[in-house]
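Undergrad: Have a look at this one before I ask anything.
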Amino acid sequence: MTEPIVRVFPDRASLGYAAAADVAAQLRERLNYQDSVRMVFAAAPSQQETLDALAAEVGIDWTRVTAFQMDDYIGLPQDAPQRFGQWLRRAIFDRVPFKEVHLMRTDGDPDARAREYADLLAAEPIDLVCLGIGVNGHIAFNDPPVADFADPAAVKVVELDDTCRQQQVDDGCFPTFDDVPPRALTLTVPRLLDADHLFCVVPGQAKAEAVRRTLNDPIGEACPATALRTHPACVLYLDQDSAGELD
């Protein structure tokens, strides 16, 4: 088993710059020998510095890059500012000229929307994933109660656990716990791990316990991010705060 490469930086800004530089280098390299690149983005305040730096990188032919999002809420209007698709539009999707951006729809029948998005993902391999880790150890919206390392689905409807919903309030995305939708669509753990390269950006003291568990707990659904330790090409980017509970 190949353990993730762990890189620790003094602060969020230097973390974001380094992660973006690595993502950009991988994009340029792949675009030298591939016609196009397909990548998945997480939406969260923890990703802001990285996406700001990535949008400023030069020498990337974004017109050959197709973007997907990792998850989104069920029950919010498509144009609600709290939707992850809208957050990603502001953070990166509207800032560089992607070939295509596949926003996740959650109107209508959620199970049908999950199958539609899974089909879009399956059209060609996914090259890169930019993700984070939740305070409960989730990756995407695979919280411990619903994470399945052998999930047969690529995209599924999930119930969000209370810790996950509270994190959305603590991150400033919603005013109160009751404002956070209880259900979402998410890429599953196997679908995330099927990508070639994973760039996992995890700043902040609130994530320190989740980082410790990710790297030290037994691999299993009790801490979904432990699945990252099974991937052959995963880099974990930490700042001094999020690395605070590591030896």
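Undergrad: Select from the stretch 181-228 the residues that are touching a Lys or Arg at 6+ places or on another chain (Cβ under 8 Å) and at pLDDT 95 or above and list them in ascending order.
TA: Correct list: LEU185, THR186, THR188, PRO203, GLY204, THR214, LEU215, ILE219, CYS223, ALA225, THR226.
Undergrad: Quick test of your reading of the structure: ALA243 fulfils all but one of (1) over 29 Å from ARG113 (Cα atoms); (2) assigned to a strand (DSSP E or B). Name the failing condition by number.
TA: Here ALA243 clears every test but (2).
Undergrad: For the stretch 166-212, enumerate the residues that are among the charged types (D, E, K, R) and surrounded by fewer than 19 Cβ atoms within 10 Å (Cβ to Cβ).
TA: Selection gives ASP170, ASP171, ASP178, ASP179, ARG183, ASP194, ASP196, GLU209, ARG212.
Undergrad: Continuing with this model, one more query. Somewhere in the stretch 79-93, is a residue farther than 23 Å from GLU49 by Cα, over 19 Å from the mean Cα position of the chain (by Cα), of a type outside the set (Gly, Ala, Ser) and assigned to a helix (DSSP H, G or I)?
TA: no
Undergrad: Right, here's the next one. So which of ASP148, ASP170 is under 18 Å from ARG12 (Cβ atoms) and charged (D, E, K, R)?
TA: Result of the check over ASP148, ASP170: ASP170.
Undergrad: Additional query: Name every residue in the stretch 10-42 that is under 22 Å from ALA91 (Cα atoms) and outside any helix (DSSP H, G or I), in order of residue number.
TA: Correct list: ASP11, SER36, VAL37, ARG38, MET39, VAL40, PHE41, ALA42.
Undergrad: Same structure, new question: Which residue pairs have Cβ atoms closer than 9 Å, lie 6 or more positions apart in sequence or on different chains, and pair a first residue in the stretch 146-175 that is in a strand (DSSP E or B) with a second residue that is at pLDDT below 90 and open to solvent by 60 Å² or more (accessible area, probe 1.4 Å)?
TA: Going by the 9 Å Cβ cut-off, the qualifying pairs are GLU159/PRO182.
Undergrad: Does LEU31 fit the bill of being in contact with a Pro (Cβ under 7 Å, 6 or more places away or on another chain), more than 24 Å from ALA227 (Cβ to Cβ) and among the aliphatic types (A, V, I, L, M)?
TA: no
Undergrad: Oh, and also: Do we find that SER46 is under 23 Å from SER242 (Cβ atoms) and either small (Gly, Ala, Ser) or in contact with an Asp or Glu (Cβ under 9 Å, 6 or more places away or on another chain) (or both) in this structure?
TA: yes
Undergrad: Those residues that are of a type outside the set (Gly, Ala, Ser), touching a residue at least 60 places away in the same chain (Cβ under 8 Å) and in a loop (DSSP other than H, G, I, E, B), I need them from the stretch 135-145; list them, please.
TA: VAL135, ASN136, HIS138, PHE141, ASP143, PRO144 - these are the residues of the stretch 135-145 that are of a type outside the set (Gly, Ala, Ser), touching a residue at least 60 places away in the same chain (Cβ under 8 Å) and in a loop (DSSP other than H, G, I, E, B).
Undergrad: When the residues of the stretch 51-69 are filtered to those that are acidic (Asp, Glu) and part of a loop (DSSP other than H, G, I, E, B), which remaining residue is most open to solvent (accessible area, probe 1.4 Å)?
TA: ASP61
Undergrad: Pull out all pairs, ordered by first then second residue, where Cβ-Cβ is under 7 Å, the residues are six or more apart or on different chains, the first lies in the stretch 105-134 and is under 17 Å from GLN34 (Cα atoms), and the second is assigned to a loop (DSSP other than H, G, I, E, B) and open to solvent by 10 Å² or more (accessible area, probe 1.4 Å).
TA: ILE126/ASP194; ASP127/ASP196; LEU128/ASP196
Undergrad: With respect to VAL135, is the statement that it is farther than 29 Å from GLN26 by Cβ and open to solvent by 10 Å² or more (accessible area, probe 1.4 Å) true?
TA: It is false that VAL135 is farther than 29 Å from GLN26 by Cβ and open to solvent by 10 Å² or more (accessible area, probe 1.4 Å).
Undergrad: Follow-up. Given the conditions (1) open to solvent by less than 20 Å² (accessible area, probe 1.4 Å); (2) of a type outside the set (Ser, Thr, Tyr); (3) out of contact with any strand residue (DSSP E or B) (no Cβ under 7 Å at 6 or more places or on another chain); (4) at pLDDT below 95, which single one is not true for VAL96?
TA: Here VAL96 meets the rest and fails (4).
Undergrad: Output the residues belonging to the stretch 106-123 that are surrounded by fewer than 19 Cβ atoms within 10 Å (Cβ to Cβ) and under 17 Å from the mean Cα position of the chain (by Cα).
TA: Selection gives ALA118 alone.
Undergrad: Just wondering, is there one or more residues in the stretch 151-163 that are under 25 Å from LEU246 (Cα atoms) and open to solvent by less than 40 Å² (accessible area, probe 1.4 Å)?
TA: The answer is no; no qualifying residue exists.
Undergrad: Kindly provide the set of residues from the stretch 12-50 that are open to solvent by 70 Å² or more (accessible area, probe 1.4 Å) and touching a residue at least 60 places away in the same chain (Cβ under 8 Å), ordered by number.
TA: Within the stretch 12-50, just ARG12 meets the criteria.
The values are calculated or read from the model by the stated rules, or taken from the named source; none is laboratory data. Computed from a predicted model, the values in this text were never measured in an experiment. Backbone-built Cβ (ideal geometry, glycine too); neighbour counts: all protein chains shown. Heads up: the accessible areas ignore ligands, DNA and RNA and are worked out on the full protein's heavy atoms, side chains in. Shrake-Rupley method; radii C 1.70, N 1.55, O 1.52, S 1.80 Å.
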